[in-house]
Amino acid sequence: MIDLESLFAMMQQRFNPQAAQSINAVFQYNLSDQQSFSCEIKDAACILSPGKHSAADIELSLDSSLFLQIISGQADALQAFMQGSILAKGDVSLAPVLVSLFAEQSSPMLVESSEQ
């Protein structure tokens, strides 16, 4: 399982508030290891919460290891989406926005939690 606390810290570190100026949306992530979390972008801020959001604009379902590769900059999210490795429901026009919201920078790889 993914250590969500470490994941949230990494996402906050990579978050680009300038790119979020005009975006108000909730992104729901459903990972293959039965973990889920939401990312709410509002007022140029990023609010990450474990679990399912009741009013997500878009739901993204993907393999946990692929998500770790994407957030650490080792895989391309748009390419994964085009190859069908990321399934999207809802407002799919929001999917490409994520690339600009989480700027690429060198980040340490997330450690998977040994807790199950």
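The values are calculated or read from the model by the stated rules, or taken from the named source; none is laboratory data. All figures in this text were calculated on a predicted structure; none of them were measured in a lab. Note that each Cβ is placed from the backbone with ideal geometry, even for glycine, and that neighbours are counted across all protein chains shown.
For segment 34-57, give me each residue that is more than 18 Å from residue 14 (Cβ to Cβ) and touching a Leu at 6+ places or on another chain (Cβ under 9 Å). Those that are more than 18 Å from residue 14 (Cβ to Cβ) and touching a Leu at 6+ places or on another chain (Cβ under 9 Å): 35, 50, 57.
Counting only strands (runs of 3 or more DSSP E) that sit completely within segment 33-79, those holding 2 or more residues that are at pLDDT 95 or above and closer than 14 Å to residue 101 by Cα correspond to 36-42, 45-50.
Taken across segment 66-76, residues that are buried (at least 18 other Cβ atoms within 10 Å of the Cβ), of a type in the set (A, V, I, L, M, F, W, C) and more than 14 Å from residue 95 (Cβ to Cβ) do occur, with at least one present. Checking each residue in segment 1-32 for being small (Gly, Ala, Ser) and either outside any strand (DSSP E or B) or surrounded by fewer than 14 Cβ atoms within 10 Å (Cβ to Cβ) (or both) picks out 6, 9, 19, 20, 22, 32. The set of residues in segment 37-62 being in contact with a helix residue (DSSP H, G or I) (Cβ under 9 Å, 6 or more places away or on another chain) and either closer than 17 Å to residue 88 by Cβ or surrounded by 19 or more Cβ atoms within 10 Å (Cβ to Cβ) (or both) consists of 37, 39, 41, 46, 57, 58, 60, 62.
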